[in-house]
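Scroll down for the structure; my scribbles are underneath it.
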Amino acid sequence: MINKKNFLLDLRSVPCPLNVVKCKLALEKLSPLSTLIVDLDLGEPEEMVKHSLEKEGYKCKIIIKNNDFIRYSIAYDLSKK
C-alpha cells in the first residue's frame, strides 16, 4: 500500500488543529500525483482534517476505520481542475 507515491503520516494523539496543519504541510511537499496516507483519532480530528482538506480541493477516502483510529487516503482531486 505504501510506495514511492504514497506517504504515511501517523497523527494519532495529535490535537486539533495541529493535525490539520501537519497534513497541509505534508501535502505541500508532495507532488500533485502523490497520495498522503494519514492515521487520525476518531471524532473531531477526522472531521476537521476531512472538512478542511476537501475545502482546499483534496479528496479524502477512508481506507480503515475501527474503534481506535481512522486511516485516510488524501490526494489532490484532479477532476476539480
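The values are calculated or read from the model by the stated rules, or taken from the named source; none is laboratory data. Please read all numbers here as calculations on a predicted model, not as lab measurements. When we count neighbours, we look across all protein chains shown, and the Cβ atoms used for this are built from the backbone with ideal geometry, even at glycine. Accessible surface areas use protein heavy atoms only, side chains included; no ligands, DNA or RNA. Shrake-Rupley method; radii C 1.70, N 1.55, O 1.52, S 1.80 Å.
When we measure straight from the Cα of residue 61, which aspartates and glutamates land under 14 angstrom away, once same-chain ones fewer than 8 places off are left out?
The reachable aspartates and glutamates, counting only those whose Cα sits under 14 Å from residue 61, are 39, 46, 47, 77.
Using alpha carbons only, how many degrees (0 to 90, rounded to 10) separate the axis of helix 44-55 from the longest principal axis of the chain?
Tilt relative to the chain: about 20 degrees.
What order do 12, 71 take when sorted by accessible area (1.4 Å probe), most exposed first?
Ranked from most to least accessible, the order is 12, 71.
Could you grab the relative contact order for the chain? Cα pairs under 8 Å, six or more apart, rounded to a whole percent.
Result for the chain is 31 percent.
For the stretch 18-29, what does the Karplus curve 6.51 cos²θ - 1.76 cosθ + 1.60, with θ = phi - 60°, yield as ³J(HN,Hα) per residue in whole Hz, taken in order and with x for Gly and Pro?
4, 5, 5, 4, 5, 5, 4, 5, 5, 5, 4, 7
Pull up the DSSP beta bridges for the chain and report the antiparallel fraction as a percent, rounded to 5.
Among the beta bridges of the chain, antiparallel pairing accounts for roughly 70 percent.
What whole-number value in Å² describes the accessible area per residue of the chain for a 1.4 Å probe?
Dividing the accessible area of the chain by its residue count gives 64 Å².
Can you list residues whose amide H is under 5 Å from residue 42's amide H, if they're 5+ apart or on another chain and H is modeled 1.01 Å from N?
70
With the crude spin-label approximation of a point 7 Å out along Cα→Cβ, what separation in nm comes out for residue 68 versus residue 42?
Label at residue 68, label at residue 42, 1.3 nm between them.
Counting only protein heavy atoms and a 1.4 Å probe, tell me what percentage of the chain's accessible area is made up of carbon and sulfur.
Ligands and nucleic acids excluded, carbon and sulfur reach 54 percent.
If each DSSP helix of 4+ residues adds -39,500 (n - 2.57) and the sum is divided by the residues in the chain, what number results at 222 nm, nearest 500 deg cm²/dmol?
That comes out to -9000 deg cm²/dmol.
Give, to the nearest whole percent, the P(r) tail of the stretch 1-75 beyond 20 angstrom, counting all Cα pairs.
Of all Cα-Cα pairs in the stretch 1-75, 19 percent lie more than 20 Å apart.
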